[in-house]
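First comes the structure, then the notes that go with it.
The values are calculated or read from the model by the stated rules, or taken from the named source; none is laboratory data. None of these values were measured; they are calculated from a predicted model. As a convention, Cβ positions derive from the backbone with ideal geometry for all residues, glycine included, and neighbour counts pool all protein chains shown. Keep in mind that these areas ignore ligands, DNA and RNA; they rest on the heavy atoms of the full protein, side chains included. Shrake-Rupley method; radii C 1.70, N 1.55, O 1.52, S 1.80 Å.
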Amino acid sequence: YARTDIWTGLPSVLSDRVEEALGSRLSVSSLRTVNTAWGWWCRLCDAYDWPYLLENDEPERGGKLAAFAVYLLDDTSLAAQSIRNYFWGLAWAHRLRQRLNPFHGVAFWPELVAGIDVLAAEAGVGEPRRQIPLELIIAMVQRVNKSDFRAVNFVLFLIFCLFTFARSECGCPK
């Protein structure tokens with residue numbers, strides 16, 4: 001199929017309603033993420049004298065998006081997940097301005113994001129975590145209702161985490 005978008009061929013009198021429908025799927029907190037990402041993006045664009053909007057299928061957009069990824073990694077104290085959220089926010093900022101998702105079709109983007117994740121984790125940036133005191137864990141284990149299947153399973157999981165020295169990098173950090 002030939003590529004198109006919802007704006008091409010749309011009667012101009014319907015543009016506001018389409019924009020309303022497109023923007024209505026985002027919650028208030030999602031819009032905050034979009035606006036914050038747009039702010040980061042605009043600061044980067046100002047530094048390199050780039051226009052704020054990436055044109056659809058712009059050949060240089062991959063390099064500009066890679067610069068955005070490195071900018072967020074190097075010039076902020078953001079965790080990897082926050083950086084990913086700002087990628088999502090930048091994509092939506094473009095959609096809300098009648099542009100295609102600029103990340104689509106950018107070769108090697110997933111590999112770059114994986115590398116950003118590693119570097120953000122190695123830098124020690126992330127959600128701070130406090131160690132649960134061993135005394136509290138022992139008290140929880142001693143007080144568990146042994147007839148409650150879910151509670152016993154939770155204690156098993158807790159002990160597994162304790163003895164495997166589970167860290168934030170494990171599959172269930174929260």
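Structure values in brief
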| item | result |
| --- | --- |
| Qualifying residue in the range 111-124 (condition: closer than 27 Å to L158 by Cα, modelled with pLDDT under 80 and part of a loop (DSSP other than H, G, I, E, B)) | yes |
| Of all residues making up the range 70-108, the number that are without any contact (Cβ under 8 Å) to a residue 60 or more places away in the chain, within 15 Å of R32 (Cα to Cα) and not polar (S, T, N, Q) | 10 |
| The listed residue being closer than 20 Å to F87 by Cβ and either touching a Phe, Trp or Tyr at 6+ places or on another chain (Cβ under 7 Å) or of a type outside the set (S, T, N, Q) (or both), out of A2, A37 | A37 |
| Residue in the range 28-51 that is out of contact with any His (no Cβ under 9 Å at 6 or more places or on another chain), of a type in the set (D, E, K, R) and open to solvent by less than 80 Å² (accessible area, probe 1.4 Å) present | no |
| Candidates A107, A114, A69 - the one that is surrounded by 16 or more Cβ atoms within 10 Å (Cβ to Cβ) and within 23 Å of the chain's Cα centre (by Cα) | A69 |
